[in-house]
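The values are calculated or read from the model by the stated rules, or taken from the named source; none is laboratory data. What you see is a predicted model; the values in this text were computed from it and never measured. Using ideal geometry, Cβ is built from the backbone for each residue, glycine included, and neighbour counts are taken over all protein chains shown.
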Amino acid sequence: MSIGKIIEALLRSRTCGRSFSSFSPSSLPLRTKGVLVLAPSPSPSSQNICLSPSQIFPLKPPFVSALRFLNTDSSKSIVGRYESSLQRETSEEGETDGWEEEEETEPEIGDGGAGGGVLLQGLPWGQLALSIAEEVLTQFSDDMKLYAFKTTPRGYVYVRLDKLTNEYGCPSMEELESYSVEYKKRLDEVGALGEIPEDLALEVSTPGAERILKVPDDLNRFNDMPMRVCYREDMESSSPEKDGVFLLESIEEELESCVWKLANVKENRDPQSKGRPLSRKQKDWRLKLPFNMHRRVTLYLEF
């Protein structure tokens, strides 16, 4: 596929809506999804050339960049992937890369995914796998933290890393790769001793744009970015849930509430205004919302 066609494919995907494969094992059919893909070379002295999405077409963060290892045995096939946060897809022929996607559910706080936290699902080897993940993280800079960790009964380990000094909390692909390789190595060593299963599948990724922000803990960190806020205006269960795209104006810790104002984004502007900014009335509008009235807060992406 020519570079021109690759760029066209990326444009059609609107950057956030596709999966990007960076490596494909020789035992699987090669498929091109927005990047140049070459099979691993049989010769150790040969080099694989792979262009990341950002090298082909500059993408605006945040994305879920993910590296996947189908198992922890270094002698077996490895699949590395660049993946968006909004959807995943197979090739035109309907083929997959061997990774079994989990059923997608609505994110919630502490779900071990977009909601952060740890979810071991009662697996006997889960705590040890978590301890190893935390141990490996100590080899990296202090601004790299474990955002989410999840193990599944089918033997999948999901790790999301948060970089506190990055605007969107996204580690670089190099950092993800370095962590993945080291974590995989440690899992191999422990698996060889029989303390955890030897055939675990591993995914290491960024928190992603769909990350749920904790109220109020995460809000100041992203206070200069528009956020989508889902909320209720009273505690009645019958009260309808509302949402809007806001900017944080202040957090009133003593009153346990947040003050929001409208963000200057397309969604909040009059469609007849032809690009004009918010009106004076909109600029003066404020929403004072108790902490416990926030149903969900996420970063807002405008395309």
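At-a-glance table
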item	result
Residue satisfying condition, being in contact with an Asp or Glu (Cβ under 9 Å, 6 or more places away or on another chain) and of a type in the set (S, T, N, Q), within set 205, 238, 172, 178	205
In region 198-218, the residues that are assigned to a loop (DSSP other than H, G, I, E, B) and crowded, with 19+ Cβ neighbours inside 10 Å	200, 206, 207, 208, 209, 211, 213, 215
Residues of region 151-187 satisfying the condition of being under 27 Å from residue 220 (Cβ atoms) and polar (S, T, N, Q)	165, 166, 172
Single residue of region 269-280 satisfying the filter (more than 16 Å from residue 244 (Cα to Cα) and modelled with pLDDT of 90 or more) that is surrounded by the most Cβ atoms within 10 Å (Cβ to Cβ)	279
Qualifying positions in region 251-303 - part of a strand (DSSP E or B) and of a type in the set (Gly, Ala, Ser)	257
